[in-house]
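Reading through the structure tokens given below for one structure.
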Amino acid sequence: MFPTLHIGPLSLPTAGVMYILGAYAALTAIERAAGYLRQDAGRLYNLAGLSLLAGFVGARLTFVVIYWPAFRNDLLGIVWPLNSGYDLMGGLVVALVAGFFYGRFHQLNPWPTLDALVPGVLVGLLAVSLADFLGGPGFGELTNMPWGITQFSVRRHPVQIYEILAALLALGSWWYLHQDRLFDGQLFLLSTALYSGGRLITDAFRENAWLSANGIHLLQVICLALMLLSLYLLTQRAETVNSKQ
Amino acid sequence: MKAHLEQHILLGLLAVLGVTWIWYSQEPMDDPLGFGLTEAPIVGHLAPDFTLSVVGSDDATVTLSELTSRNGGDVPVVLNFWASWCGPCRLETPHFQELSLTYQDQVAILGINQGESAATIADFGVSFGLTYPLLYDADNGVNEAYEVFNLPTTIFIDRYGVVREVYVGAISQAVLQERINRLVKE
């Protein structure tokens, strides 16, 4: 739709701008959520900020290691330009490891911490979907539905809007339950189950999906596993809390 | 105990529903182009087809669809839109040249000029020692079809003729290599 934003002589990539705004919004959401749950907002903000930074650096360094021959004669290229050249999986692993060790070092209780982190993660995912929607890299499959988006004379499912709705549903459940939660971890597990369930449904309409050799949408498989695991843990934790009482 | 059983039945039911939905959403793989693809310069769509003349050769032309499986070919294509006055274009041009040699016969790298004369394009090719085809878009029709508003812009097209990425701005050698690697391995 709008791959670049034109502001005077400047042309900015819409997706990049959305990612930066999304990171800021996610950190703010975590800080607020920690306040609502009466947790140490500063410490959780630092945990999320450190994970984000570690993920960014980790994604870049993983990419540099994989493509070292291209950087060997251009060491400056490691730090500039930064508009691309990241390995998502490497970044994710480094971010999780950094967050884990920060939590261990400061002896953060995992379940309440995850409860406070989940709104930030959802806001971040929402920003990614919005960036994808505004940047316009491929909407969904063909549709006759009135809410379809017409692009190049054909109407398509606005899959990114469906994803945003799934994130809003999960965020809404968090907000609705946060004052009356029955046990630590309930908000995290329920939000994860709802968002995974939403993506399980919506990814069916994506045309540029990540597919297996026999055409299965791989993201749907991951979402189904996440949803079932979250629901199972939700029931287990509820039982544990009930038996203790 | 009864509540425990009910929970397990509910989870089992959700698992069955989920697997059924995944199976129902499965894409037919006998048609690699997918269902309902239309030509558009955006990710997930068929790359708009064109035929352009190659600068520096008498009658040689390049037709995009003949390189991909849309019309008998079987290689991914990288379109690099450039102009000689564009600084970032000049920075990235050596990367295209080097990788066009590294991936010779595995990928087609095409340089498409924006709005300059054939003589300017030829001079640019000589000064950078380029061996990949530089195409002359006389009426800027291909630039318009691909909606190229910023230079440089690089478009990655898979072997089926589907746009996989639209990259705006100068691209580093490592990123270019990673993208080409991915296309070649598919």
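Restricting the calculation to Cα positions, tell me the Rg (one decimal) and the Dmax (whole number) of the stretch B:48-98 in Å.
For the stretch B:48-98, the Cα-based Rg and Dmax read 13.2, 37 Å.
If you average 1/r over all unlike Cα pairs in the protein assembly as shown and invert the result, what Kirkwood radius do you get in angstrom?
Every distinct Cα pair counted, the radius reaches 24.1 Å.
Any idea what the alpha-carbon Rg over 2.2 N^0.38 Å comes to for the stretch A:138-245?
Taking the Cα Rg and dividing by 2.2 N^0.38 Å, one obtains 1.33.
Amide H of A:GLY185: which non-local residues (sequence gap of 5 or more, or other chain) have their own amide H closer than 5 Å, using H built in the peptide plane?
The answer is A:ASP115.
Can you compute log10 of I(q)/I(0) for chain A with the Debye formula, treating each Cα as one identical point scatterer, at q = 0.07, 0.13, 0.16 Å⁻¹?
-0.28, -0.96, -1.34
If you take every DSSP beta bridge whose two residues both sit in the stretch B:51-185, what share of them, in percent to the nearest 5, is antiparallel?
Rounded to the nearest five, the antiparallel share is 65 percent.
Which ³J(HN,Hα) values in Hz, rounded to whole numbers, follow from the phi angles of the stretch A:64-80 under the Karplus curve 6.51 cos²θ - 1.76 cosθ + 1.60, where θ = phi - 60° and Gly and Pro get x?
Running phi through 6.51 cos²θ - 1.76 cosθ + 1.60 with θ = phi - 60° gives 4, 5, 5, 10, 4, x, 6, 9, 4, 9, 9, 5, 5, x, 5, 9, 7 Hz.
Hey, what do the phi angles of the stretch A:181-197 turn into as Karplus ³J(HN,Hα) couplings, whole Hz, using 6.51/-1.76/1.60 and θ = phi - 60°, x for Gly and Pro?
5, 8, 7, 5, x, 4, 5, 5, 5, 5, 4, 4, 4, 5, 5, 4, x
With N set to the number of residues, divide the alpha-carbon radius of gyration of the stretch B:56-186 by 2.2 N^0.38 Å and report two decimals.
In units of the globular-protein estimate, the stretch B:56-186 measures up at 0.97.
Let me spell out the model: positive unit charges on the Cβ of Lys and Arg, negative unit charges on the Cβ of Asp and Glu, origin at the Cα centre of chain B. What dipole size does that give, in debye rounded to 20?
740
Let me know the Rg and Dmax you get for the stretch A:1-109 when you use only its Cα atoms, in Å.
When restricted to Cα atoms, the stretch A:1-109 yields Rg and Dmax of 17.0, 51 Å.
Counting only residues 5 or more places away or on other chains, whose amide H sits under 5 Å from the amide H of B:ILE109 once H atoms are built in the peptide plane?
B:VAL78
Taking H placed 1.01 Å from N in the peptide plane, check which residues at least 5 places from A:ARG156 or on another chain put their amide H under 5 Å from its amide H.
Placed amide hydrogens put A:THR143, A:ILE149, A:THR150, A:GLN151 under 5 Å from A:ARG156.
Per-residue HN-Hα couplings for the stretch B:78-94, Karplus 6.51 cos²θ - 1.76 cosθ + 1.60 at θ = phi - 60°, whole Hz, x for Gly and Pro?
10, 9, 10, 8, 8, 8, 5, 7, 8, x, x, 5, 5, 5, 8, 4, x
Rule-based calculations on the coordinates, nothing more; no lab input. Everything numeric in this text was worked out from a predicted model, so none of it was measured. Please note: Cβ atoms are built from the backbone with ideal geometry, for glycine as well, and neighbour counts cover all protein chains shown.
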